[in-house]
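The values are calculated or read from the model by the stated rules, or taken from the named source; none is laboratory data. Small disclaimer: the values here were computed from a predicted structure and weren't measured. Neighbour counts are summed over all protein chains in view; Cβ atoms, including those assigned to glycine, are modelled from backbone coordinates with ideal geometry.
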Amino acid sequence: MAEAPLYEYTTLKSLPDSGRVNVYGVVLSITTPIFGGLIIEIRDERATVCLKVSKESEGHFKDLQPNDILRLHRAEVGSYRNEKALIVNIGAYGCHAVAWSCMSDTPTLKTSKTYTFDEQDVARLSELREWSGNGETRAEAPVSSPTSDCVNAEAEMLPTGEADVNSPTKRKNAKRKKCNTVESASEIPSLGTKFFNWYCEVLAVYEGKGEPLTVFVRAWDGTLASFSDDLNMFRADAESIETTFCETSLSVLAAVDAYTFDVCCYGDWAAQASKLKSIEEKPNEMDESSQREAVVQRLFKGNVREERKDIPKGFATPTQLLPFYCEEFTVGDIVYFSNIRNYLCKSRNCSALTMHEGGASFDRALCVIDENDPLHFEVSK
């Protein structure tokens, strides 16, 4: 007769109203509220649950990463924001945790010197890895970083089919809705936190401070987007910038400041973004009037009057700020951001255009448009 498993595990959807449980889940996000300990969001095939980690226990989870598989023993069932949650107080009543990455059976985190690992655990890890897409349809979110608290992307919810959500195969093969491509940046505020695609021109590229690697791409498409003030849109500055990879002149950046956005790129996208090229100026000896007109026409695509109407009161016009010695610009890289969004970080009360790490299964891409492509002309003209 086979031996009974040492531990019985409860699915997240089947949590009782009280008591202590053993659970498995894939880490979606890790946040640090101003008050209290860590909040870790995990999910399995049927449900998502928040873990409230006591202040005394949060040090055990400093190496935990989104997409890790987390096992909890004897976590207490409680509540968080009027929803059922698990209270994690390491050491209390034998409460302990172990975590594994998406690829290895060697723990990346363990809160006790010894831990159990039997055939039941091997099978459950395999199930969760298969269900979460073996790295392709997993949650995608960097952990909190000193670079910028507001740009830490929340995990993406996995696409689900309407039928048989328990089937890892059907979840992986579920039809995914394509992102819409915005015609101009002016459409972005109306999208909320929905994912979208955007063509734009690079003005500057910066490396953020701290870990993980974050690259900020300052870009524009010549149109104005008005975000509400309460969104507190992220803007890279001296406190968040470690290195300047490339940057057009400060006078140009100041002139078009209201029309530009910083896209925060993570993971491989950050490395790729660091190689982008910005607009460069070509000096010449045109008379002052011609210089002004050439620069304004170049930057605002000929829609000078319409664009100026939208410049906030008190904001200097391009003809006041742009250098008169500048005839024109060499075109910066025209890039295509696919599957990005305005990530709203409620705990930090700010938001940022964000390109999450990974995302091949969501058609995420960062492409430099070839100069011979008609799209290059349309965006840069």
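Determine whether the range 222-232 contains at least one residue that is assigned to a strand (DSSP E or B) and either on the phi > 0 side of the Ramachandran plot or aliphatic (A, V, I, L, M) (or both). Talk me through it step by step, then tell me what you get.
Of the residues in the range 222-232, the ones assigned to a strand (DSSP E or B) are none.
Among the residues of the range 222-232, not one is assigned to a strand (DSSP E or B) and either on the phi > 0 side of the Ramachandran plot or aliphatic (A, V, I, L, M) (or both), which makes the answer no.
Quick check: is even one residue across the range 265-279 surrounded by fewer than 17 Cβ atoms within 10 Å (Cβ to Cβ) and at pLDDT below 85?
Within the range 265-279, none of the residues are surrounded by fewer than 17 Cβ atoms within 10 Å (Cβ to Cβ) and at pLDDT below 85.
Name the one entry in GLU127, GLU76 that is modelled with pLDDT of 90 or more, part of a helix (DSSP H, G or I), among the charged types (D, E, K, R) and closer than 21 Å to ARG46 by Cβ.
Within the list GLU127, GLU76, the selection yields GLU127.
Test MET286 against the criterion of being at negative phi and either exposed (fewer than 12 other Cβ atoms within 10 Å of the Cβ) or at pLDDT below 85 (or both), and give yes or no.
yes
With the requirement that a residue be among the β-branched types (Val, Ile, Thr) and under 12 Å from ILE279 (Cα atoms), what does the range 195-232 give you?
Restricting attention to the range 195-232, the residues satisfying the condition of being among the β-branched types (Val, Ile, Thr) are 202, 205, 214-215, 217, 223.
Matches in the range 195-232: VAL202, VAL205.
Table: residues versus (1) in a strand (DSSP E or B); (2) among the basic types (Lys, Arg); (3) modelled with pLDDT under 95.
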site: ALA2; (1), (2), (3): no, no, yes
site: ASN22; (1), (2), (3): yes, no, no
site: GLU41; (1), (2), (3): yes, no, yes
site: GLU45; (1), (2), (3): no, no, yes
site: GLY59; (1), (2), (3): no, no, yes
site: PRO66; (1), (2), (3): no, no, yes
site: LEU70; (1), (2), (3): yes, no, no
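For the range 243-269, give me each residue that is under 21 Å from GLU357 (Cα atoms) and touching a residue at least 60 places away in the same chain (Cβ under 8 Å).
PHE261, ASP262, VAL263, CYS264, CYS265, TYR266, GLY267, ASP268, TRP269, listed by residue number.
Any residue in the range 90-111 that is at pLDDT 90 or above, on the phi > 0 side of the Ramachandran plot and touching a helix residue (DSSP H, G or I) at 6+ places or on another chain (Cβ under 9 Å)?
no
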